[in-house]
Amino acid sequence: MTEPSAAHDAAVTDRSRLAGRAYNSDRDLAARQSLYRWQTPRYDLPGIVAGQVAEVRGCVVDVGCGNGTFIRRLRQDRPDLALLGLDIAPGILADVPGPVAVADATRLPLATAGADAALVLHMLYHVRDIPQAIRELSRVVTRDGLVIASTNSDHDKIELDDLWQRAAGDVLGTGHGPARISLSTRFSLEKAPGFLGEEFGRVRTIALPGTITVRDPRPVIAHMASYQAWADQHDVPFEATIERARAILADHIARTGAFEITCKGGILVCRR
């Protein structure tokens with residue numbers, strides 16, 4: 001995968017775009033999350049995170065908590081914990097069980113050593129200054145505290161990338177169109193240990209590979225369409241490309257019975 005450009009970084013980290021369009025509600029995030037219903041093996045990611053904090057007592061802060069998937073699970077499994085959800089997008093916090101607050105990951109509104117664990121799940125790639133955010137995580141967790149991050153590999157869902165480029169090429173009449181935007185590439189599973197290792201002496205990666213198998217185009221198309229906040233970054237008419245991808249996918253499933261997507265994600269468990 002080619003390294004992201006300055007324009008890519010600006011688009012993926014622009015706060016007004018993130019808060020005002022990408023995450024002004026949980027619609028697009030939920031569409032991306034829902035695709036994993038068809039993954040084998042099917043990982044209970046909130047349950048895995050809850051298991052990792054089994055020995056934690058006190059306060060857990062979920063930085064970039066999104067629609068509250070992990071907070072809800074921890075409230076269910078660990079009612080003894082004090083939980084705080086933070087996100088830069090006020091709209092997505094509307095239905096997250098409180099307390100919640102709007103906050104920037106590079107300037108966390110927490111006292112030094114004020115949290116016993118911090119979660120940064122599929123969000124650090126949206127932070128403009130990733131090293132500063134990691135320094136903030138190191139500052140706010142206790143000396144023996146825990147940080148859990150998650151992200152995707154540089155090679156995650158390559159079949160969707162291929163589908164997009166084929167559809168884009170058909171729309172443009174070029175045969176092979178431009179790549180779709182990749183959100184996680186700035187903080188991919190391959191890059192994350194290097195970033196996190198600057199502040200945490202122990203970084204353990206738990207790989208969560210799998211295969212998504214669908215027999216209906218709709219969940220895949222919903223996932224692809226969920227990137228509409230970055231439609232202007234694709235160098236191709238976004239809606240037309242989505243519709244062409246729908247047709248290609250429907251034909252593929254009609255001929256072969258299914259469409260498979262290779263997933264390569266994981267979590268990183270960090271301690272000093």
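Annotations
- Residue within segment 37-45 that is of a type in the set (A, V, I, L, M) and either surrounded by fewer than 15 Cβ atoms within 10 Å (Cβ to Cβ) or without any contact (Cβ under 8 Å) to a residue 60 or more places away in the chain (or both) present: no
- Looking only at segment 201-230, and only at residues there that are out of contact with any helix residue (DSSP H, G or I) (no Cβ under 7 Å at 6 or more places or on another chain) and surrounded by 14 or more Cβ atoms within 10 Å (Cβ to Cβ), the one that is nearest to Cys270 (Cα to Cα): Ile206
- Count of segment 111-155 residues which are assigned to a helix (DSSP H, G or I), within 19 Å of Leu189 (Cβ to Cβ) and charged (D, E, K, R): 0
- One residue stands out among those in segment 191-241 that are hydroxyl-bearing (Ser, Thr, Tyr) and under 21 Å from the mean Cα position of the chain (by Cα): the one that is farthest from Gly47 (Cα to Cα), which is Tyr227.
- For Lys191: the one exception among (1) in contact with a Ser or Thr (Cβ under 9 Å, 6 or more places away or on another chain); (2) within 19 Å of Gln228 (Cβ to Cβ); (3) of a type outside the set (Ser, Thr, Tyr): (2)
- Subset tally (residues that are under 16 Å from Leu183 (Cβ atoms) and either touching a Pro at 6+ places or on another chain (Cβ under 6 Å) or part of a loop (DSSP other than H, G, I, E, B) (or both)) for segment 27-50: 1
- Residue in segment 86-96 that is loosely packed, with under 13 Cβ neighbours inside 10 Å, over 18 Å from the mean Cα position of the chain (by Cα) and of a type outside the set (Asp, Glu) present: no
- Exactly one residue out of Val203, Val220 is β-branched (Val, Ile, Thr) and not in a strand (DSSP E or B): that is Val220.
- Unique match (being touching a residue at least 12 places away in the same chain (Cβ under 8 Å) and part of a helix (DSSP H, G or I)) among Leu196, Leu208: Leu196
- Exclusive hit being touching a His at 6+ places or on another chain (Cβ under 6 Å) and either within 30 Å of Gln132 (Cα to Cα) or buried (at least 21 other Cβ atoms within 10 Å of the Cβ) (or both), set Ser184, Ser150: Ser150
- Residue in segment 148-161 that is of a type outside the set (Lys, Arg) and more than 19 Å from the chain's Cα centre (by Cα) present: no
- Within segment 8-34, the set of residues being hydrophobic (A, V, I, L, M, F, W, C), within 17 Å of Ser184 (Cβ to Cβ) and out of contact with any Lys or Arg (no Cβ under 9 Å at 6 or more places or on another chain) comprises Leu18, Ala22, Leu29, Ala31.
- Residue match in segment 5-19 (condition: outside any helix (DSSP H, G or I), more than 27 Å from Pro178 (Cα to Cα), of a type in the set (Asp, Glu) and at pLDDT 95 or above): no
- Any hit, segment 172-189, residues being at pLDDT below 95, on the phi > 0 side of the Ramachandran plot and assigned to a loop (DSSP other than H, G, I, E, B): yes
- Flag for Leu268 being touching a residue at least 24 places away in the same chain (Cβ under 8 Å), in a helix (DSSP H, G or I), surrounded by 15 or more Cβ atoms within 10 Å (Cβ to Cβ) and under 18 Å from the mean Cα position of the chain (by Cα): no
- Meets criteria (assigned to a loop (DSSP other than H, G, I, E, B) and closer than 30 Å to Glu260 by Cβ) for Asn67: yes
The values are calculated or read from the model by the stated rules, or taken from the named source; none is laboratory data. Given the structure is predicted, the values throughout are model-derived calculations rather than measurements. Backbone-built Cβ (ideal geometry, glycine too); neighbour counts: all protein chains shown.
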